[in-house]
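Report on the structure given below.
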Amino acid sequence: MNSSGRRLGLHTSTKLSFEDLVALVDRGLELSRGVPSKSFVGRNVILAFFENSTRTKVSFEVASSHLGMTAINFDITGSSLAKGESIKDTAETLASYEPSLFVVRSKESGLSQLFEEWTGVPTINAGDGEHEHPTQAILDITTLVERFGSIDALKRRQMAIVGDVLHSRVARSLSQLAVMCGIEVSFVGPDNMMPRYIFPGIARHSSFEVERYDILYLLRVQRERLSHGEALEVNKYRSHFSLTKERATHIGSEQVIMHPGPVFPGMEIDAPLIDSENSLIRRQTEISIFSRMAIIEAILEGSIND
Ligand code: CP
């Protein structure tokens, strides 16, 4: 928090107000239509990714470059972390180079919040373990608003978030923003991939009936996060929860398919469906640039309110 009690960065979807979300969505869509962005020439953003990423990392680099900023990639593998330097010392050292912003991805929950507390530098959570991925959720809602015409048009639409909900930070962040927009969310998946906590207002289904939903949001099966007791039965998963060509024959022209990526074709979805007319998967990636530009603008201008 700064002296006015305002949050500095963006760590969770939970803290985002509906007004913040609407402003970020509107601004992201304006930027996507070519409205000029703010300029932050001469300011730096440090990307500290302690876990692998393609989309989030590169889209933040591109977004910050469109805003006139210099993105500095902190290379974990070649860093002094390998010599035993602590993450706190690392954060404080990086802060001494006076970035305007940190973007942090981590295997552990809460590291972006700690970066901000240790350094006082606004920090964006780019995905922390199984906890949250708020910028993914914001870009997903932005993509839906573009497709359906307005945030009001999302009300009472049915969204299935399908698959490995238990391990998914995307499911946690997106479901909260979707409910905020009046979307009726269902978690769909096998019992061993359902969260152990209750989300008020979110239904659970152990069968995937594609025709019930306006929005089919497929999650990546996170094989790297499965424990020994949670072995993945690929064929069983595929027959019950994949968006296969056979299952897709029940989809109408208004229904949309989404996935945060990286997609594992043949597991969560059959490859030809990724570029089908129903699919927003490529558009999610394109919109991510503008959505992240809007988020950076809002944070640097202090206009996200708690
Ligand atoms: N959606 C997402 O976070 O993808 P990356 O892991 O490639 O950044």
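The values are calculated or read from the model by the stated rules, or taken from the named source; none is laboratory data. Since the model is a prediction, treat every value here as computed from it, not as a measurement. As a convention, Cβ positions derive from the backbone with ideal geometry for all residues, glycine included, and neighbour counts pool all protein chains shown. Keep in mind that these areas ignore ligands, DNA and RNA; they rest on the heavy atoms of the full protein, side chains included. Shrake-Rupley method; radii C 1.70, N 1.55, O 1.52, S 1.80 Å.
Taking the conditions (1) open to solvent by less than 10 Å² (accessible area, probe 1.4 Å); (2) assigned by TED's automatic domain parsing to the domain that holds P99 in turn, F290 satisfies each one other than (1). Scanning the stretch 85-141 for residues that are buried (at least 21 other Cβ atoms within 10 Å of the Cβ), within 16 Å of the ligand (Cβ to nearest atom) and charged (D, E, K, R) returns R105, D128, E132, D140.
Within the stretch 69-84, being open to solvent by 40 Å² or more (accessible area, probe 1.4 Å), over 22 Å from R292 (Cβ atoms) and assigned to a loop (DSSP other than H, G, I, E, B) holds for T77, G78, G84. For the stretch 207-223: of the residues being touching an Asp or Glu at 6+ places or on another chain (Cβ under 6 Å) and in a loop (DSSP other than H, G, I, E, B), which is surrounded by the most Cβ atoms within 10 Å (Cβ to Cβ)? By that ranking, first place goes to L219.
If the requirement is being within 15 Å of the ligand (Cβ to nearest atom), of a type in the set (S, T, N, Q) and at pLDDT below 95, which of these qualifies: S4, S53, S13, S59? Only one candidate passes the filter, namely S13.
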